[in-house]
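Trainee: The following block contains the structure, expressed as structure tokens.
The values are calculated or read from the model by the stated rules, or taken from the named source; none is laboratory data. Bear in mind that the values here come from a model prediction, so they are computed numbers and not experimental data. All Cβ positions, even for glycine, are placed from backbone atoms using ideal geometry, and neighbour counts span all protein chains on display. Just so you know, the surface numbers come from the protein's heavy atoms only, side chains and all, with ligands and any DNA or RNA stripped out. Shrake-Rupley method; radii C 1.70, N 1.55, O 1.52, S 1.80 Å.
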Amino acid sequence: MVEFQTRRDNITQHCSFVPHRTEGIVCLYVKLCISSEYDATRRERGVAEGGGGGDRDDAVTNTVAAVAAQLQRVFKIEELRADFGARICSLEKRLEIHLFTKCVGVFSVSVRLIERSRAWPRAGDSKRVIEIEKFKYEIADIRDAFLTHNKTRHIDFSRLRPAVTLPATFFSPGTVREHVITLQREPPPYTKYTLTGETVEHLRAPTFDMWQWEPNEMLSLIEHMYADLGIMEEFCISPPVLRNFLVSVQENYRNNPFHNFRHCFSVTQMMYGIINLCRLQDKLPRKDLGVLITSCVCHDLDHPGYNNWYQINARTELAVRYNDTSPLENHHCAVGFRVLANPECNIFSGVPDDVFKELRADIIMLILATDMARHSEIVDDFKNKLDNFDYGNVNHLNVLKMILIKACDISNEVRPNTVAEPWVDCLLEEYFNQAETEKQEGLPVAPFMDREKVTKSSAQIGFIKFVLIPLFESICQLFPQAEERLVAPLRQAKEHYEELKEKEEEIRRTTQGRSGVTNEGGRGGGDGGHRSRSPSSGRSEETERHANKSSAVNNPSQRWTSRPMIL
């Protein structure tokens, strides 16, 4: 017994060099063989005690020989496995090189096809262009994945070529990727609306009342503007792509009191009205008309509800990113072109690259011009060119387009008083929210935003007198036919707010006189049944009436019901 155990331990020790995965099998086999030989030897000892020593030696020798044969088989399997793994690695390398070569070739062919399709755009080709764009993005994705997988064995070509914009990512000039703003919800099924003649005529007028229309209806009205001005035909825009673009834009306007999608529609409709009023279709190419309308649609995208003054003083991310230079306007441009980066929303996918560069430069120029910090600069430049304005001069046209979008952005007082005054309430609410935040953060507060210092009448009188009237008068010097529709309403609005200011002052004097009489009478703080208004609130009965109307805009049960509808 002891002899067999000693020999078993010796064999197990000699098998210690066997790989770990086969060591257990070999040891188990050795133990079974020795145990079987030991049992046979015990049976022989029962027959002849003391004999058969040579048989025991033969049993051990046979066991060792069997173990050696099994070890040889195991080693051969390991050698075959190593050889097979080496061959597999070689085949993988050859396959990767072959796939990379094929991808580069297919990518080059797709780029040539895309360039050809962009060079000769035709009506109805938008869907084909979108499919080609998606195909290009898929190839680029495969190549980027390949380079990422083999970045330790191959050159990183991403550092040697311009970044490729994928559908779901936006590449900044550095290496940081930001998520592109895409459709937050599936676009509604495209429905061809038919507008009544009354709605079409009303839409072309600066007096259009945007408070009567729901968001989806406003989308349809903007679609009509693109079609009526020939912009869809000029840029080969298909109706589904235009709808996707407008839905994505609508989703990326925040629910602010003033800077929301309804303000976007208001500015766009005023631009459409001025184009028809001044007959700009006869003076400007359709490409410029498309730039004007699209810039109005995108001019306040993702507005946070706090102006540039707050962004710079609070040192927000936008102010740091754009070096305190029109941070909000730069952000609106960036968001707009991120929306256009999505092939399903790219209304300019059917134009050549050189035309797209011109469109991009013009849209950026117009959106940046909406910064009120540049107001005097742009207005003075426009006035200097009025005496010898030339529609064939590119600089003159650029200044005209900038002055038009500026005028449309602040044109609420051109509309009737019942339409314009609710916008004042919305703007003051947004200003007051910012002022409260600035006070909490210890930042300076502009006087025209402080609830305790500003009134509606005082704010509007100065703005109309020193900003709006001079701006629209300069436009009417170039387009005299628009003076009655643009400048006359501003003068009427100024008179309205001057009357409102007189009423507010009279109410304040009356309230102060009654409070003085009450104090002299010693009535213990009572007001004799009269509830006095805060002098700083500046809210007369007429103001309260308009404020109630403004609140009705957000309450469907109080909405107006008499309006021209869509068929």
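Trainee: If you count only protein heavy atoms and use a 1.4 Å probe, how large is the accessible surface of Arg491, to the nearest 10 Å²?
Mentor: About 100 Å², rounded to the nearest 10.
Trainee: Further question on the same structure: For region 329-375, report the accessible area per residue in Å² (1.4 Å probe, heavy atoms, rounded to an integer).
Mentor: Working: 1520 Å² over 47 residues.
For region 329-375, the solvent-accessible area averages 32 Å² per residue.
Trainee: Separate question: Given a cut-off of under 8 Å on Cα pairs at least six residues apart, what relative contact order in percent is computed for region 359-479?
Mentor: Values: 66 pairs, mean separation 27.3, N = 121.
Dividing the mean separation by the residue count of region 359-479 yields 23 percent.
Trainee: Okay, next question. Please state the relative contact order of region 202-306 as a whole percent: Cα pairs under 8 Å, 6+ residues apart? Could you put the intermediate results ahead of the total?
Mentor: Details: 93 pairs, mean separation 41.9, N = 105.
Relative contact order here is 40 percent.
Trainee: Still on this structure: Leaving out ligands, DNA and RNA, what percent of the accessible area of region 284-416 is carbon and sulfur, probe 1.4 Å?
Mentor: Working: 2340 of 4840 Å².
Heavy-atom surface of region 284-416 belonging to carbon and sulfur, 1.4 Å probe: 48 percent.
Trainee: Further question: Got a number for carbon plus sulfur as a percent of region 426-491's accessible area, 1.4 Å probe? Could the numbers behind the result be given before it?
Mentor: Working: 1660 of 3150 Å².
For region 426-491, the apolar C and S fraction of the accessible surface comes to 53 percent.
Trainee: Hey, if we sort Phe261, Phe463 by accessible area with the 1.4 Å probe, largest down, what's the order? Don't skip to the end; give the middle numbers.
Mentor: Values: Phe261 20, Phe463 65 Å².
My answer, sorted largest first, is Phe463, Phe261.
Trainee: Return one whole number: the accessible area per residue of region 377-451 in Å², for a 1.4 Å probe. Could you put the intermediate results ahead of the total?
Mentor: Working: 3070 Å² over 75 residues.
With all protein chains present, region 377-451 gives 41 Å² per residue.
Trainee: Rg over Rh of region 331-483, using C-alpha atoms and the Kirkwood radius, what does it come to?
Mentor: Details: Rg = 18.9 Å, Rh = 18.3 Å.
Ratio of gyration radius to Kirkwood radius for region 331-483: 1.03.
Trainee: Filter Lys357/Lys383; Lys439/Lys503; Lys439/Lys465; Lys283/Lys401; Lys383/Lys494 down to the pairs with a C-alpha to C-alpha distance above 19 Å, please.
Mentor: Pairs exceeding the cut-off: Lys357/Lys383; Lys439/Lys503; Lys439/Lys465; Lys383/Lys494.
Trainee: Would you please put 468-476, 236-244, 401-409 in order of how densely packed they are, using the mean number of other Cβ atoms within 10 angstrom per residue and starting with the highest? Each step should come with its number before you reach the end.
Mentor: Numbers: 468-476: 18.9, 236-244: 20.4, 401-409: 22.3.
In descending order of packing, they fall as 401-409, 236-244, 468-476.
Trainee: Using a ≥ b ≥ c from the Cα gyration tensor of region 341-391 (square roots of the eigenvalues), is it rounded, prolate or oblate, where a/c under 1.5 gives rounded and otherwise the larger of a/b and b/c decides, a/b for prolate? Please report the intermediate quantities before stating the final value.
Mentor: Values: a/c = 4.58, a/b = 1.97, b/c = 2.33.
Oblate shape, in that a/c is at least 1.5 and b/c is the bigger or equal ratio.
Trainee: Kindly identify region 419-525 as rounded, prolate or oblate by the Cα gyration tensor criterion: order the square roots of the eigenvalues as a ≥ b ≥ c, call it rounded if a/c is under 1.5, otherwise compare a/b with b/c, prolate if a/b is larger, else oblate.
Mentor: Working: a/c = 3.60, a/b = 1.63, b/c = 2.20.
Verdict is oblate for region 419-525.
Trainee: With the calculation restricted to Cα positions, what are the radius of gyration and Dmax of region 442-495 in angstrom?
Mentor: Expressed in Å, the Cα Rg and Dmax of region 442-495 come to 14.6, 49.
Trainee: Next question, about the same structure. Output the relative contact order of region 356-429, whole-number percent, from Cα pairs under 8 angstrom with separation of 6+ residues. The partial results should precede the final answer.
Mentor: Numbers: 33 pairs, mean separation 20.5, N = 74.
Relative CO of region 356-429 lands at 28 percent.
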